[in-house]
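What follows is a single structure, written as structure tokens, with notes after it.
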Amino acid sequence: MIPKKIDTPLGDRVMPELKKLRQNAIPAALAKVERYRLLTQPRLAESICLDILQIDEKNQEANRLLILVITDQFGLNSSGLAKRAREIAAQLESEYDRSYYAGIIAERLGKAALDSQTPGSNHDAYEWFHEAMEYYDRAENLQPEGNDDAILRWNTCARQIENYRLTERPEEKFHPLLE
């Protein structure tokens, strides 16, 4: 196979053309995604999800796992990753999944805010957890029989708010300078 030449900001370089996964290999590939997530190797798991989606772009399990893998990478600068995860979540087929995974994204942004320990991050975390709880409320009304995942996640957010004593951002008062 002849490598494909691509333009980069650093000049031309050769990128090998990606090989395509076989359709019958998808179940085993999905299992590998789960395994790499457990091994805290989100970039490897993401690569496998992309391989699956290259041949089956509507694969709901691969899209759901891709959202989780992307949110596994949240840290100090998560805005680009969050945008990407939200775009994938918006394309999920079921309304339940769209709400539930939007909640996951917000919840993990809250956790990233808590972990950052930057000034005001406790208020950011509160806002993200509160947003996640709204999505989980919506998902709870749509949840399949026997699936209380939205309730479990809602409770986790409520406990985070309580355990860390998170509060809303105080309203800033405007004080005009007097001359």
**OP:** Show the residue pairs that are 6+ apart or on different chains and have beta-carbon atoms under 6 Å apart, the first residue being within segment 15-32 and among the acidic types (D, E), the second being exposed (fewer than 10 other Cβ atoms within 10 Å of the Cβ) and part of a loop (DSSP other than H, G, I, E, B).
**Re:** E17/M1
Subject >> Residue that is farthest from the chain's Cα centre (by Cα), among those in segment 37-50 that are more than 18 Å from A89 (Cα to Cα) and in contact (Cβ under 8 Å) with a residue 24 or more places away in the chain >> reply: T40
Original post:
Looking at segment 65-74, is at least one residue in contact (Cβ under 8 Å) with a residue 24 or more places away in the chain and not in a helix (DSSP H, G or I)?
Top reply: yes
**OP:** Would you mind stating whether S78 is in contact with a Phe, Trp or Tyr (Cβ under 9 Å, 6 or more places away or on another chain) and of a type in the set (S, T, N, Q)?
**Re:** no
Original post:
If you check A62 against the conditions, is it in contact (Cβ under 8 Å) with a residue 12 or more places away in the chain and over 17 Å from R22 (Cβ atoms)?
Top reply: no
**OP:** Identify all residues within segment 34-51 that are of a type in the set (A, V, I, L, M) and either buried (at least 16 other Cβ atoms within 10 Å of the Cβ) or in a helix (DSSP H, G or I) (or both); write none if there are none.
**Re:** L38, L44, A45, I48, L50
**OP:** Examine segment 135-144 for a residue that is out of contact with any Phe, Trp or Tyr (no Cβ under 8 Å at 6 or more places or on another chain) and either part of a loop (DSSP other than H, G, I, E, B) or of a type in the set (G, A, S) (or both), and state whether such a residue exists.
**Re:** yes
Original post:
Scanning for something at pLDDT below 95, assigned to a loop (DSSP other than H, G, I, E, B), touching a helix residue (DSSP H, G or I) at 6+ places or on another chain (Cβ under 7 Å) and surrounded by 15 or more Cβ atoms within 10 Å (Cβ to Cβ), does segment 78-97 turn up at least one residue?
Top reply: yes
**OP:** Report yes if D72 is among the acidic types (D, E) and buried (at least 17 other Cβ atoms within 10 Å of the Cβ), otherwise no.
**Re:** yes
Original post:
Considering L177, L109, which residue is out of contact with any Pro (no Cβ under 7 Å at 6 or more places or on another chain), aliphatic (A, V, I, L, M) and surrounded by fewer than 19 Cβ atoms within 10 Å (Cβ to Cβ)?
Top reply: L177
Original post:
Among the residues of segment 105-119, is any out of contact with any His (no Cβ under 6 Å at 6 or more places or on another chain), part of a loop (DSSP other than H, G, I, E, B) and closer than 23 Å to Q73 by Cβ?
Top reply: yes
Original post:
From the list R37, R22, R64, which one is at pLDDT 95 or above, more than 24 Å from A106 (Cβ to Cβ) and not hydrophobic (A, V, I, L, M, F, W, C)?
Top reply: R22
**OP:** Starting from segment 142-166, take each residue that is at pLDDT 95 or above and list its partners that are exposed (fewer than 14 other Cβ atoms within 10 Å of the Cβ) and assigned to a helix (DSSP H, G or I), counting only C-beta distances under 8 angstrom and pairs at least six apart or across chains.
**Re:** L142/E95
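The values are calculated or read from the model by the stated rules, or taken from the named source; none is laboratory data. Since the structure is predicted, the reported quantities are computational estimates derived from the model, not experimental observations. Ideal geometry is used to build each Cβ from the backbone, glycine not excepted, and the neighbour counts take in all protein chains shown.
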